[in-house]
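**Q** Below you'll find the structure I mean.
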């Protein structure tokens, strides 16, 4: 068993584009300082990794005990992600000018449902289901991959603050709107992709 599941890292990074998440962060906290963005990046990394480690360790057992299947997780995650991003997209125009309180928690919507949502959980369960038993080696293999992924995503929060603070407000507004639209589209795509499975159920 390799120490890190490189395939899982690449799959999660393709799904959770760090660049787009960084831009959404700027949309959520347009006046965040570098120090605050570093703190938020650490929160995203630790919080997301902790939740995923619980899922790796006992996630399937919890689902079985509650009689919840992966399809339900996928649909619920898609709905929550779509609604969360829709809320950011339709926020009053003056909210960006005023700026989100830099000390506001980013557990929601960043840790969940953007980083840990229906899409990422379903992807993780795909890897878990391919493994016969969950030994310490399996937990280390998947857990290290999850940590590296969210460490990279966490880094993009301060990187976004450093790189985009000097970009003209008009251009940045367009870019951030496009990034929100992309994530909103991902949420819709999760729901649409689940329709055939729902009809078969």
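The values are calculated or read from the model by the stated rules, or taken from the named source; none is laboratory data. If you're wondering where the values come from, they're calculated on a predicted model, not measured in any experiment. Here the Cβ is made from the backbone with ideal geometry for all residues, glycine too, and neighbour counts use every protein chain on show.
**Q** Cβ-Cβ under 6 Å, sequence separation 6+ or interchain: first residue in segment 153-177 and under 11 Å from residue 19 (Cα atoms), partner at pLDDT below 80. Which pairs?
**A** Pairs found: 176/27.
**Q** Can you tell me which residues in segment 114-128 are assigned to a helix (DSSP H, G or I) and in contact (Cβ under 8 Å) with a residue 24 or more places away in the chain?
**A** Within segment 114-128, 114, 115, 118, 119, 120, 121, 122, 123, 124, 125, 127, 128 qualify.
**Q** Would you say residue 111 is touching a helix residue (DSSP H, G or I) at 6+ places or on another chain (Cβ under 7 Å), under 21 Å from residue 180 (Cβ atoms) and assigned to a helix (DSSP H, G or I)?
**A** Yes.
**Q** Still on this model: Can you name the number of the only condition in (1) closer than 22 Å to residue 81 by Cβ; (2) buried (at least 21 other Cβ atoms within 10 Å of the Cβ) that residue 128 fails?
**A** (2)
**Q** Another one. When segment 169-201 is examined, which residues are found to be in contact with a helix residue (DSSP H, G or I) (Cβ under 6 Å, 6 or more places away or on another chain) and farther than 28 Å from residue 27 by Cα?
**A** 194, 197 - these are the residues of segment 169-201 that are in contact with a helix residue (DSSP H, G or I) (Cβ under 6 Å, 6 or more places away or on another chain) and farther than 28 Å from residue 27 by Cα.
**Q** Within the group 145, 76, which residue is touching a helix residue (DSSP H, G or I) at 6+ places or on another chain (Cβ under 9 Å), part of a helix (DSSP H, G or I), under 30 Å from residue 200 (Cα atoms) and modelled with pLDDT of 75 or more?
**A** Exactly one of 145, 76 is touching a helix residue (DSSP H, G or I) at 6+ places or on another chain (Cβ under 9 Å), part of a helix (DSSP H, G or I), under 30 Å from residue 200 (Cα atoms) and modelled with pLDDT of 75 or more, namely 76.
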